[in-house]
Structures are given as C-alpha cells and as structure tokens.
1. On the given criteria, is Met87 at pLDDT 95 or above, buried (at least 19 other Cβ atoms within 10 Å of the Cβ) and within 18 Å of Leu159 (Cα to Cα)?
2. Which numbered condition trips up Tyr124, out of (1) aromatic (Phe, Trp, Tyr); (2) within 26 Å of Trp233 (Cα to Cα); (3) not in a loop (DSSP other than H, G, I, E, B)?
3. Which one of these does Trp17 not meet: (1) among the aromatic types (Phe, Trp, Tyr); (2) outside any loop (DSSP other than H, G, I, E, B); (3) under 25 Å from Thr385 (Cα atoms)?
4. Out of the residues in the stretch 161-197 that are over 15 Å from the mean Cα position of the chain (by Cα) and small (Gly, Ala, Ser), state the one that is surrounded by the most Cβ atoms within 10 Å (Cβ to Cβ).
5. Which of the residues spanning the stretch 20-58 are among the aromatic types (Phe, Trp, Tyr) and either assigned to a helix (DSSP H, G or I) or more than 26 Å from the chain's Cα centre (by Cα) (or both)?
6. Could you figure out which of (1) among the hydroxyl-bearing types (Ser, Thr, Tyr); (2) crowded, with 18+ Cβ neighbours inside 10 Å; (3) outside any helix (DSSP H, G or I) isn't true of Ser158?
Amino acid sequence: MRLWARLPWWGHALAIWAASRVVSTALLVAFAAAQPANVYTGASPSFVDFSTMWDARWYEHVATHGYPDVLPRDASGAIDDNAWAFMPVYPMLIRALVRVGVDWQVAALVIAWAASAAFAVLAYRLLRETIPQHAAFALALVLLGPVSPLLQVGYAESLHLALLAGALLALRHRRWGMLAALVPLMALTRPSGLAFALALGIVAAWAWWRERPAWPARDLRILVALAAWALAWGLAWPAYAALRTGEPGAYVATELGWRAPYVGAMQLVPGTGWVAGAQWWLGGVGVGLLVLLVGGLVWVLARRTSREAMGVEAWAWTIAYLLYLLAVWFPQSSTFRILLPAFALATVVAVLPGRWWRPLVLALGVAGQVAWLWACWWLMGVDWTIP
C-alpha cells in the first residue's frame, strides 16, 4: 500500500494494466499450448502466432496488399468476405513498422500492447474526474473483463479505445483542436464516426438545455461543427470504398456479408439485425429478451447517478454508441468484442455500495476470460464463433 501511495496517478493506471496483462498473457499461453493444428497455426503455436489469428490475418492482408478494386463474389453473386470491412489506421501502422524491418506479427502486437497501456492511462484519467474513489476498481473491471485479452492481440480494439478515451478527455476539457485531430483517426480505426457525431450532438443538446450558463455560445457552435466533422468522417470510409470499387454500397454490402451465413441476404434496415438475430438464436423468446435488455439499458442510462458516474461526455458516447449498434449490428459471437467501447458502463458497477463483492466480480471477469478464450479465440476444427 505504501508503494501504491507513492506512485503518481498514471503509475496506478499502468500498475493495474500490467497486472491485468499478466493474467491475460498467462491464459493465452495456456490456451496456445492446448491449441490443435488449424487454418492459422500448427499445433501448440507460439504466443505470437496464437495472438495473431482470426482478424489479425485480415489486418496483415491490408498492410501487405491494401484493398481490392473489385469486390470478390461467391458463386451466387453475393459479395464475399473482403478487406473493406477493416479500417486502415491499424494496418497502416503495421505497414510502417514492417517497412523498417519489424515482422508483421510483432508489429501488430507491439501496437496493440502500447495502445492498451495508453488506453489504461487515458481511461483512468477520465475515471478519476468522475468517480475518484472508485476509478482504480472501474479500470480493473475493464482490463480484467471477459474480452480483455483482445487488448493485446492483433486487433484494432486497443488502438481504437485509446483514441476514444483521448477524444472523450479532449471533449471534457474542450480541447477542440485535439478533438478535431482525434476524430478522423478514431473513425478510420473502428467504425465509430457516426456514433461519435451523435454523441457530440447529445452533449451539445444537454449543454444547451441544462448547462447553458457554463457553455459560451462559441463553444456550442464549435461542438456542433465538430459533430458535422465527425459525421463526415463516419461517412468517409463507405464513400471511399464506393469510389475505389465503383459500387455505391460496397462497404455496407461487405459488412452485411458477415451475417449472411446466419440469416441469408439482408438489407440494412435499422434495428432489424437484432430482431433477426434474436429470432435466429432463441426463437420467439429471443425477441422478448431483447426488449428486456434494451429496456434495462434505457433504465440504467436514464438514471442521474449513472450520468454523474460516467460524466456527461462518456454518458453521451455510451448512449450514442449503443443506439448505433442497435441500428446496424447483428448479434453473434463478435458482439462481446463490439461492446468494448461502452467501457464507461463499468462506472455504474464500480460505484455500487459495499466492498466484499468486488474481488468476486474481478474473479468472475477472469473466469469470463477463460470462457471467452475457449468459446471464441481457441480454434477447434471448423469454428463459427468468430471473436
């Protein structure tokens, strides 16, 4: 405890991050030792090989070959899986390191690890401003949660989370230039520009309605302009894909292709993916559970205590991001990963009274990592539980 007290605030964040990475690394090593031969690796692959399976190979493809000018199609004429589903910032960073002699797998992991450490520091700074007494526990909840191994494998999630936490801090402190610079990077790392535009709109509406004396008219105008800026970047990647391929719906059709094995060809109609998914997984009961889930989230986010714990900025982002997912996502095994940007929901748990239950919750998070690695990352034969 004395050593903890002597550390600066960012030292606390890095200590929690380091402890969480020890846990996740140990689990990844254990699963790698038991991994049978598969389409990505031989039996019992190295830690590096095991950490760069699944979508990491798509990022390597983008870093090496870029994006196709002609969309691939299957025998039925439907658009097949292709690189346009993967945003360019992360693979371009991999490419930059490869050009100076770094192996692509090492490059992918170095970026992911460094970004996850940056996320820990930035998220902790954000949490300290809203729940100072519970910030360490809230960060531990995120870094030890069921899908937290993703923060150190060859995926873009940790980089996106670091950019997101930085953007939320910039918004909170009205660092408009920094926010304007982070928005394009964030929007081209993971699909988030449209959701962030909505979040900025929610913050602007809240500031005008409830906090107008604390918000000069100039700041409100800048906020609205930045919402338009985020909207433009949210549309930029689909527009670029359309221009490169000559097909107006190239990006959306590519994304929809990933749900076709479940429910067949679908159009992007907001909200229908969740209804179709609930029915596919659980039948009529699924729709009822979906209604309960959405209703529960609405109740949590509508509470004043939740808004105060999150801070208006993270609260607005969480609402916007969940609405975005409700509009466009199809629930399947990647859903747990996709929910990571809603990390501020951990504050709602962190501020609950009592302390006896906290070690239990962290232990459940570690158990969840075991379950997630077994179900989604560890590969046995033909595996459809994509992480």
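1. When the stated conditions are applied, Met87 passes them.
2. So the condition that Tyr124 fails would be (2).
3. Only one criterion in (1) among the aromatic types (Phe, Trp, Tyr); (2) outside any loop (DSSP other than H, G, I, E, B); (3) under 25 Å from Thr385 (Cα atoms) is unmet by Trp17, namely (3).
4. Ranking the qualifying residues of the stretch 161-197, first place goes to Ala197.
5. Phe31, Phe47, Phe50, Trp58
6. Among (1) among the hydroxyl-bearing types (Ser, Thr, Tyr); (2) crowded, with 18+ Cβ neighbours inside 10 Å; (3) outside any helix (DSSP H, G or I), the lone unmet condition for Ser158 is (3).
So that you can scan it fast, the table gives a plain yes or no per residue for (1) outside any loop (DSSP other than H, G, I, E, B); (2) touching an Asp or Glu at 6+ places or on another chain (Cβ under 8 Å); (3) buried (at least 18 other Cβ atoms within 10 Å of the Cβ); (4) of a type outside the set (A, V, I, L, M, F, W, C):
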{"site": "Pro341", "(1), (2), (3), (4)": "yes, no, yes, yes"}
{"site": "Ala344", "(1), (2), (3), (4)": "yes, no, yes, no"}
{"site": "Val370", "(1), (2), (3), (4)": "yes, no, no, no"}
{"site": "Cys376", "(1), (2), (3), (4)": "yes, no, yes, no"}
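Condition check ((1) of a type outside the set (Gly, Ala, Ser); (2) over 17 Å from the mean Cα position of the chain (by Cα)) across all residues:
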| residue | (1), (2) |
| --- | --- |
| Gly246 | no, yes |
| Tyr262 | yes, yes |
| Trp299 | yes, yes |
| Ala302 | no, yes |
| Thr318 | yes, no |
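The values are calculated or read from the model by the stated rules, or taken from the named source; none is laboratory data. Given the structure is predicted, the values throughout are model-derived calculations rather than measurements. Cβ: placed from backbone, ideal geometry, glycine included. Neighbour counts: every protein chain shown.
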